[in-house]
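Asks: Submitted below is the structure of interest, expressed as structure tokens.
The numbers here are math on the coordinates, done by the rules we state, and not lab data. Quick caveat: nothing in here was measured; it's all calculated off a predicted structure. Note that we place each Cβ from the backbone using ideal geometry, even for glycine, and neighbour counts take in every protein chain shown.
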Amino acid sequence: MDADLEGMSREQLIAEVVRLREGIRRHRDSTGHDLCWHHPALWSLLPEKSDPLPMVPGWPQFLRGCIRYRRSLDKQAPQVPGSREPYAE
């Protein structure tokens, strides 16, 4: 799967690492409502060009998952500031 790396020069490998780190940082630095979105830009950093469609749970199950995720943030990062800013479409 990662055989493309074997043919890369040191400079090409460094450029690839920098590109991947930039993509990871963009994802990591997502905040607010952006945390809830589908992130194909992150997956597009991979060399294989597939765009799998996600399995999307029904609304009740999806919302329970969102609530569980938000509660996990309360436990794992209680020091982060909160926001009451509404989602703007």
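Asks: Select from region 69-84 the residues that are over 21 Å from R26 (Cα atoms) and surrounded by fewer than 10 Cβ atoms within 10 Å (Cβ to Cβ) and list them in ascending order. Spell out how you get there, then give the answer.
Replies: Taking region 69-84 and keeping what is over 21 Å from R26 (Cα atoms), we get 71-72, 74-75, 78-79, 84.
Matches in region 69-84: K75, P78, Q79, R84.
Asks: What number of residues within region 49-68 are surrounded by 10 or more Cβ atoms within 10 Å (Cβ to Cβ) and under 17 Å from the mean Cα position of the chain (by Cα)?
Replies: 2
Asks: Being under 27 Å from A88 (Cα atoms) and either loosely packed, with under 11 Cβ neighbours inside 10 Å or within 19 Å of the chain's Cα centre (by Cα) (or both) narrows it down to one of L45, L20, L35, so name that one.
Replies: Details: L45 fails: under 27 Å from A88 (Cα atoms); L20 fails: under 27 Å from A88 (Cα atoms).
It is L35.
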